[in-house]
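Remarks on the structure that follows.
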Amino acid sequence: MLKRAGKVFLDFLFPIACLGCGRDDYYFCPDCAKKLDLYLNNSCFYCGARTFLGQTCVRCGEKYALDQVLAFGYFSCSLLEKIIYELKYQSVFLVSRDLAGAMFNAGQIKEFLKKDKKNILVPVPMSKSKERKRGYNQAGILARDLGKVSGNYVCQELLLKKQERKTQMKIKSRKQRRENVENVFEVRREELSRKPELIGKNIILIDDVITSGATLESCAVVLKRAGFKRVSGLAAARAGYQKN
């Protein structure tokens, strides 16, 4: 009874309403999720060649570390941009619950994230200084909630971002984006020492937005060097890309 009374009080002070239509009890309701234009995930992220579920094509696979890249929607969608903003900058963590549910219920991503003992969800890390300043890592929260809905294991501490550099969103050049995140990530060896069974698993990197893919690629490079054979990426939105 006390728990219910507390919820009623909090709902009165901070009412939960869908950011799209205003429906109670959701920040991103199922009806609005169904209306969203989904990212197609039918081509190689790097060259655009047609592939199944965003698999990296054979030619690009010889040059890049990421084996597969998927996204849920388009960052150009004002509703999805608003949802990510609320999670990223306004500390509205329940947005992640609804976003993760919507992502998992999208047919392609549900197939990609189906429960498998070989899968490990790993959020793209922030530097410790930036995470302390913000108070949380939005990619970590999204990974946690995707783990809940999919049943896959989540490892929050596998990757470390050694230093903070210029925000990727402020850099326009693809080359400069790659250079900006070179050598900033590393695998936590102590985590692998505690959990040696992690090696041999399929890593699925989780982030809120993907633009050039430079951040995910930089993470994938260090993971492959550490011995992981397959590294994929999944983001809530693809930016810098318009649906045809």
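The values are calculated or read from the model by the stated rules, or taken from the named source; none is laboratory data. Owing to the predicted nature of the structure, the values given are computational and were not obtained by experimental measurement. Neighbour counts are summed over all protein chains in view; Cβ atoms, including those assigned to glycine, are modelled from backbone coordinates with ideal geometry.
Annotations for the structure displayed:
- Count of the range 107-136 residues which are within 16 Å of ARG238 (Cα to Cα) and surrounded by fewer than 21 Cβ atoms within 10 Å (Cβ to Cβ): 1
- Taken together, GLY54, GLY48, GLY61 contain a single residue that is crowded, with 23+ Cβ neighbours inside 10 Å, of a type outside the set (Ser, Thr, Tyr) and either closer than 30 Å to VAL221 by Cα or out of contact with any strand residue (DSSP E or B) (no Cβ under 8 Å at 6 or more places or on another chain) (or both), which is GLY54.
- Only residues that are touching a residue at least 12 places away in the same chain (Cβ under 8 Å) and of a type in the set (A, V, I, L, M, F, W, C) were counted across the range 14-31, and they come to 5.
- Test: residue in the range 79-95 that is touching a Cys at 6+ places or on another chain (Cβ under 9 Å) and without any contact (Cβ under 8 Å) to a residue 60 or more places away in the chain: no
- A residue that is without any contact (Cβ under 8 Å) to a residue 60 or more places away in the chain and touching an Asp or Glu at 6+ places or on another chain (Cβ under 6 Å) cannot be found anywhere in the range 36-52.
- Yes/no for VAL122 being under 15 Å from LEU216 (Cα atoms) and modelled with pLDDT of 95 or more: yes
- Qualifying residue in the range 95-105 (condition: charged (D, E, K, R) and over 23 Å from SER43 (Cα atoms)): yes
- Selected residue [of a type in the set (Val, Ile, Thr) and under 11 Å from the mean Cα position of the chain (by Cα)] from VAL122, VAL154, VAL95: VAL122
- The residue that is surrounded by the fewest Cβ atoms within 10 Å (Cβ to Cβ), counting only those in the range 184-223 that are part of a strand (DSSP E or B) and free of Cβ contacts under 8 Å to residues at least 60 places away in the same chain, is GLU186.
- Residues located in the range 21-58, provided they are out of contact with any helix residue (DSSP H, G or I) (no Cβ under 6 Å at 6 or more places or on another chain), assigned to a loop (DSSP other than H, G, I, E, B) and at positive phi: GLY22, ASP25, GLY48
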